[in-house]
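Participant: Quick one: this structure, given as structure tokens, is what I'll be asking you about.
The values are calculated or read from the model by the stated rules, or taken from the named source; none is laboratory data. As the structure is a computational prediction, the values presented were derived from the model and not from experiment. Using ideal geometry, Cβ is built from the backbone for each residue, glycine included, and neighbour counts are taken over all protein chains shown. These accessible areas exclude ligands, DNA and RNA; they are computed on the full protein's heavy atoms, side chains included. Shrake-Rupley method; radii C 1.70, N 1.55, O 1.52, S 1.80 Å.
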Amino acid sequence: MALKATIFKATLNIADMDRHYYADHQLTLARHPSENDERMMVRLLAFALNASEQLEFTKGLSTDDEPELWQKSLSNEIELWIELGLPDESRLRKACNRSKQVILYTYGGRGVPIWWDKNKAKLARFNNLTCVNLDPEATEQLAGLAQRAMSLQVTIQDGEVTFSNEHGLVALTPEPFA
């Protein structure tokens, strides 16, 4: 018998001083059986960092030809493609060919520098690709905020992101790869 996705509800109150974006978002996340709390919360972080009315979650892990999040134009062109983790270079190449802008958020610690050393030369040719690393300790702490029904305040200022709720606060600074 196949395991079903676990549904999480999240209210994000976003105050992004860097982009002058202030909004509340009511989100429903389906956590795939193979996904852990850390990865799901990194998806929420990626949403908060790029939030707009058009940004949406996709089928994610269960679909090979879709990113974790995307933003499409009214004419159904992909404007923003957001990936997580340490994908294969060919997946990022495909994303860069299909979308105006691609953002990759890496996380997970020790494997990230090895992945970057292996792929940076190949990825350097894509002008529409931005790779950002997330501190592994911070993403683990972020996982601690995960609940089936979440209400999170997200503040973004001077590149620092703060997630908070009644149970705690996590601050992190996404670092673009050089």
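Participant: Ignoring ligands, DNA and RNA, what percent of the 1.4 Å accessible area of the chain is carbon and sulfur?
Facilitator: Reported share for carbon and sulfur atoms: 48 percent.
Participant: How large is the Kirkwood hydrodynamic radius of the chain, in angstrom, based on all distinct alpha carbon pairs?
Facilitator: 16.7
Participant: How charged is the neighbourhood of ASN119? Take every other residue with its Cβ under 15 Å from the Cβ of ASN119, and add Lys/Arg as +1 and Asp/Glu as -1. Working shown, then result.
Facilitator: Details: positive: ARG91, ARG93, LYS94, LYS118, LYS120, LYS122, ARG125; negative: GLU83, ASP88, GLU89, ASP117.
Net charge in that neighbourhood comes out at +3.
Participant: Here is a follow-up. Leaving out ligands and nucleic acids, note down the accessible area per residue over the stretch 41-120 with a 1.4 angstrom probe, in whole Å². Mind dumping the intermediate values first?
Facilitator: Values: 3740 Å² over 80 residues.
Dividing the accessible area of the stretch 41-120 by its residue count gives 47 Å².
Participant: Once label points are set 7 Å from the Cα along Cα→Cβ at both SER34 and VAL132, what is their separation, rounded to one decimal in nm?
Facilitator: 2.6
Participant: So what is the calculated 222 nm ellipticity per residue for the chain, using -39500 (n - 2.57) for each DSSP H run with n of 4 or more, over all residues, to the nearest 500 deg cm²/dmol?
Facilitator: Helix-only estimate at 222 nm: -7500 deg cm²/dmol.
Participant: Just order 113-126, 5-18 by mean Cβ neighbour count inside 10 Å, highest at the front, would you? Don't jump to the answer; show the numbers that get you there.
Facilitator: Details: 113-126: 12.8, 5-18: 15.4.
Descending packing order for the listed peptides: 5-18, 113-126.
Participant: Assuming a strict under-19 Å limit between Cα atoms, what lysine pair count do you get for the stretch 1-142 once near-sequence pairs (fewer than 8 apart, same chain) are dropped?
Facilitator: 10
Participant: Let me ask something additional. Sorted by mean Cβ packing within 10 Å, highest first, what order do the peptides 47-56, 73-82, 96-105 take?
Facilitator: 96-105, 47-56, 73-82
Participant: Quick one: Debye curve from the C-alpha atoms of the stretch 93-152, no solvent, what's log10 I(q)/I(0) at q = 0.26 Å⁻¹?
Facilitator: -1.05
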